[in-house]
Amino acid sequence: MKSIIYLLITIIMATLLPGCGYELVRDKGIFGGEITTLSVPTFKNTTYEPHVSKYVSQAFTRELMGTGVFRLDRTNTDGYIEGTIRDIRTIPNTLSKTGIVTEKKMYMDVELILYRKNGTFIRKWMFSDNEVYRADVPNYEEYNKRTAYERLSERMARRFSAAILVNY
């Protein structure tokens, strides 16, 4: 009986003790803590869609703050992200029986470049995504379009956050 108890204690200790020193993230930032503070200026908008840069910039700022890996600041930064909205396309997605567009599909392409504080290029990312929104009620179409921009931006920001944490 005593040997079974000792065996159980040994097995429990062998399974629990190796996990004590495990750390998910050792340092803040990327490159071993070299870049801990980032600046995320408003994204450049090379499209004809107004106010999109506001939604995209807010989504990326919120996502980077939410990771807890970076501190966001406009001054005294270790690096900065330059973002550009390259393309936005909206096409009819679903038509009613009478030929009226009831849903539209929006495609967005965003380019992100990470630089060190001295302007040295580190890495470039391109993200593309699409979102379908309702367009059958004219009074609600602008609202639906805006929420589609916000959802698209949030998804791309999550993908960027995952990419930057996995790669570095």
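Structural remarks
- In the elastic network of the chain, a GNM with C-alpha springs shorter than 10 Å, the most mobile of T36, T77, T98 is T98.
- Estimated translational D of the chain in µm²/s (Stokes, Kirkwood radius over Cα pairs; 37 °C; 0.692 mPa s): 173 µm²/s
- Note on R158 and I11: with the Förster distance fixed at 30 Å, the Cβ-Cβ geometry gives a FRET efficiency of about 0.15.
- Folded to 0 to 90 degrees: helix 2-16 orientation relative to the chain principal axis, Cα: 40 degrees
- Sorted by Cβ neighbour density within 10 Å, fewest at the top, the residues V69, V56: V69, V56
- Against the chain, whose longest principal axis is taken from its Cα atoms, helix 52-67 shows a tilt of about 10°.
- Estimated dipole of segment 28-167 in Debye, rounded to 20 [Cβ of Lys and Arg +1, of Asp and Glu -1, Cα centre]: 180 debye
- Order of S57, S153 under a 10 Å beta carbon neighbour criterion, fewest first: S57, S153
- Against the chain, whose longest principal axis comes from its Cα atoms, helix 138-167 is set at around 30 degrees.
- Modelled FRET efficiency - R0 22 Å, N118 with E82, Cβ distances, 0.05 increments: 0.95
We did not get these values from a lab; they are worked out from the coordinates using the rules stated. The structure displayed is predicted, hence computed values, not measured ones. Every residue, glycine among them, receives a Cβ derived from its backbone with ideal geometry; neighbour counts consider all protein chains shown.
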